[in-house]
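Trainee: Following this message is one structure expressed as structure tokens.
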Amino acid sequence: MRRSFAASALLLAALTTACGTQQHTATTAKLTDPNVIGTAVQKKLQESGSVHMNLTMTTQGAEPVKATMAMEYPDRIDLRIVGKSHALLAGESAYLEVAPGTKGVEPGKMWVKLPAETAAAFAQLSQASAQTADLAKSAKITSTSEDALGTHYAMSVDMEKVLGGDFLQKLVQQQTAGNEQAAAALKTALEQQLKGKTATLDMWLDKTGAPVKSVMDVAGVTKTEMTFAGWGEVRTIKAPSADEVSKS
């Protein structure tokens, strides 16, 4: 169960950007640098301190993954993968909610603490926007237009450049948590899947520069759409109390 959750969570971290559900007036000044667009999520999260996200990710040959995630910058996350799992990150500790009667869990307890390496990997979700910025380094703007959401920036990403940069290495390290054999196998698989592919990254920014919507499609291999809402709303994401966490 833990391994499955970690893989799902990290895949979310790897290929996500952000958006909001509100209608916005289009931006007045057009951006021409993909790096600036790519760091918009990171900048807004740091400024506002919190956000709520809805995400749908479709991977070739697998069922779509739907998730909601609330974040308090810099290190508190409440992640719910619909129909699968609910996890919390509070500082350096991460917890997974379990069903009553789960084998190996103390009676009456509803949370288990995740291993340190899994918690560290989970924490990378808070850096998802930084990873978007990494992708933007290999992107070029193909068109800019206005619609009901704001300013729509359509970009293409040369995955050959991504494979040769830091992004792939970071992704592999996060998903394999120091397992060298698994890291080598995953790196090879990703290179085979993505070599020669071009990804599209569409982002919508409102008049303040806040992300409104993003859709990333890696040549049909995986497609991720995210929406952001409630920038800056007060949230309280706390670790479960000690009497709720199983020691077994």
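So that you can scan it fast, the table gives a plain yes or no per residue for (1) more than 22 Å from the chain's Cα centre (by Cα); (2) crowded, with 16+ Cβ neighbours inside 10 Å:
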| position | (1), (2) |
| --- | --- |
| Glu180 | yes, no |
| Ala189 | no, no |
| Gln192 | yes, no |
| Thr200 | no, yes |
| Lys213 | no, yes |
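Trainee: Scan the strands (runs of 3 or more DSSP E) fully inside the range 42-128 and keep the ones with 1 or more residues being of a type in the set (Lys, Arg).
Mentor: Strands (runs of 3 or more DSSP E) meeting the threshold: 65-72, 76-81, 111-113.
Trainee: Go through (1) touching a helix residue (DSSP H, G or I) at 6+ places or on another chain (Cβ under 9 Å); (2) buried (at least 19 other Cβ atoms within 10 Å of the Cβ); (3) modelled with pLDDT of 90 or more one by one and return the number of the condition Asp78 breaks.
Mentor: (1)
Trainee: Something else about it: Looking only at the range 81-98, decide whether some residue is crowded, with 16+ Cβ neighbours inside 10 Å, farther than 29 Å from Val234 by Cβ and of a type outside the set (Ser, Thr, Tyr).
Mentor: If we filter the range 81-98 for residues that are crowded, with 16+ Cβ neighbours inside 10 Å, which is where we start, we get 81, 85-90, 93-96, 98.
Right, trim to farther than 29 Å from Val234 by Cβ and you get none.
There is no residue in the range 81-98 that is crowded, with 16+ Cβ neighbours inside 10 Å, farther than 29 Å from Val234 by Cβ and of a type outside the set (Ser, Thr, Tyr).
Trainee: Looking only at residues in the range 135-151 that are part of a strand (DSSP E or B) and surrounded by 19 or more Cβ atoms within 10 Å (Cβ to Cβ), which one is nearest to the chain's Cα centre (by Cα)?
Mentor: Taking the candidates together, the pick is Ala139.
Trainee: Going through the range 59-70 one residue at a time, which ones are crowded, with 17+ Cβ neighbours inside 10 Å and at pLDDT below 90?
Mentor: Of all residues in the range 59-70, those crowded, with 17+ Cβ neighbours inside 10 Å come to 65, 67, 69-70.
Residue satisfying the conditions is Val65 alone.
Trainee: Quick check on this structure: which one of Asp243, Asp158, Asp202 is acidic (Asp, Glu) and under 14 Å from Ser138 (Cβ atoms)?
Mentor: Testing whether each residue is acidic (Asp, Glu) and under 14 Å from Ser138 (Cβ atoms) leaves just Asp158.
The values are calculated or read from the model by the stated rules, or taken from the named source; none is laboratory data. This one's a predicted model, so the numbers in the text were calculated from it and none came from an experiment. Methodologically, a virtual Cβ is constructed for each residue, glycine included, from the backbone with ideal geometry; neighbour enumeration extends over all protein chains shown.
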